[in-house]
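What follows draws every value from the coordinates through simple rules; no lab data is involved. Here the structure is a predicted model, which is why all the values come from computation and not from measurement. Virtual Cβ from ideal backbone geometry, glycine too; neighbours counted across all protein chains shown.
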Amino acid sequence: MYNFEASKTVIKMKILVINGPNLNLLGKREPGIYGTKGFDDYLQELKLGFPSLQIDYFQSNVEGELIDKLHFTENQEYKGIVLNAGGYAHSSIALADAVAAIQTPVVGVHISNIYIREKERHTELLAQYCIGGIYGLGLQGYALAISHFINL
């Protein structure tokens, strides 16, 4: 007998969260700026908060790995990418070029408000290629970026 229920394929909207250098240290590194919660714990909260989504996650301290991951997304049918490029947002033309080269929309996120910090953080090389940016709202910025993709 054919099982109709088993044949139904549920396709979830896919969102990719990418964190750049030093974000593996969230919860430990400068808790006065970045908070005390590690990203793995927060990621579980995101997944619980958006149960209808498939939220994939990638983190690397290596610029080339971040670029490769952005290139790879083109064939993965992501609705959007939430990208916290960390310090590379202020210094990497190559990472900015990778964001510009892909069709998947990107929202840039920074946990801290980069515009009230050190002057070298005020330049955001990736911003011109992102559909939007969220700065200074803590980890909640990731959820806001995901909400934006849901509402597109």
remark   = For I134, the residues 5 or more places away or on another chain with a placed amide H closer than 5 Å to its own amide H are G108, V109, H110
message = Pairs of alpha-carbon atoms within less than 8 angstrom and 6+ residues apart define the contacts here; what relative contact order does the chain have, in percent?
response = 24
query = Counting pairs on different chains as well as pairs 8 or more places apart, how many Lys pairs in the chain have Cα atoms under 19 Å apart?
reply = 9
Positive-end residue of F58, V17, L144, charge dipole of region 10-151 with Cβ unit charges = L144
Amide hydrogen neighbours beyond the local backbone of Q54, cut-off 5 Å, H modeled = M13, K14, I15
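Please work out whether the chain counts as rounded, prolate or oblate from its C-alpha gyration tensor, where a ≥ b ≥ c are the square roots of the eigenvalues and a/c under 1.5 means rounded, while otherwise a/b larger than b/c means prolate and anything else oblate?
prolate
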query = In degrees, nearest 10, range 0 to 90: what is the angle between the Cα axis of helix 39-49 and the longest Cα principal axis of the chain?
reply = 40
